[in-house]
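The values are calculated or read from the model by the stated rules, or taken from the named source; none is laboratory data. Remember, predicted model here, so these are calculated numbers, not experimental data. So basically every Cβ, Gly included, is an ideal-geometry build from the backbone, and we count neighbours across all protein chains shown.
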Amino acid sequence: MLIKINDKNLSEVLERAVEILNNGGIVAFPTETFYGLGVKFDKEASLRKLYELKKRTKEKPMPLIIGDRESLSRIAASVNETAESLMDKFWPGPLTLLLKAKSDLSSYLTANTGRIAVRIPGESAALHLVREAGFPITATSANLSGMPPADDADAIIRYFGEEIDIVIDGGRTAGGLPSTIVDVTEKSIRIVREGAIPRSVLEKHLL
């Protein structure tokens, strides 16, 4: 099901999408960079289906988005001062943090690393969706593994056909660089992937 969103139907579409997530379905949505694929974070069968759909290897963890920092208590075992400082400065926005994961999280989310990747997305349908949901949602890129990430709804249909329960069509996304990924599980940070937020900006903030 593909639905174009506008100011008039946004609330209705978000409610429908959250219902689908609660029922174990898969939702595609635009973020501030590319489209993402979402399932509810604690539905094992949905996580497995998403992995199989993307042809993703089990060694790759699945990143999450949340609507507020209070939601971290559901997925993170601890959050240190460095992480808090980066959240203050760069959330909502394209900064994904690797935090120590709670022990009961699915291995589809952690890839048995003991870490969970999470961010609050910048202004986008993704942000509105995860705030409407009130629970963490996966935000893996809407593509087959190794293929370019989708920046419009047509690309999602080409990749997955009817396998996605609802595609929230917000038009073409900005594209550009993906989120920067930073491991903040130790005292010193480790930049895993330099993306939309440059290394120099992160390092300047932490001085």
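Observations on the structure shown:
- With respect to (1) closer than 17 Å to E70 by Cα; (2) without any contact (Cβ under 8 Å) to a residue 40 or more places away in the chain, the lone exception for H128 is condition (2).
- Flag for E132 being assigned to a helix (DSSP H, G or I) and closer than 23 Å to V27 by Cα: yes
- Residues satisfying the stated conditions in region 27-47, i.e. over 18 Å from P94 (Cα atoms) and either modelled with pLDDT under 95 or aromatic (F, W, Y) (or both): F41
- With respect to (1) surrounded by fewer than 23 Cβ atoms within 10 Å (Cβ to Cβ); (2) closer than 20 Å to M87 by Cβ; (3) touching a helix residue (DSSP H, G or I) at 6+ places or on another chain (Cβ under 8 Å), the lone exception for D165 is condition (2).
- Test for H205: is it within 22 Å of L72 (Cα to Cα), touching a helix residue (DSSP H, G or I) at 6+ places or on another chain (Cβ under 7 Å) and in contact (Cβ under 8 Å) with a residue 40 or more places away in the chain: no
Residues checked against (1) of a type outside the set (D, E); (2) touching a Lys or Arg at 6+ places or on another chain (Cβ under 8 Å); (3) crowded, with 19+ Cβ neighbours inside 10 Å:
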residue: E70; (1), (2), (3): no, no, no
residue: E81; (1), (2), (3): no, no, no
residue: A125; (1), (2), (3): yes, no, yes
residue: L129; (1), (2), (3): yes, no, yes
residue: I137; (1), (2), (3): yes, yes, yes
residue: D154; (1), (2), (3): no, no, no
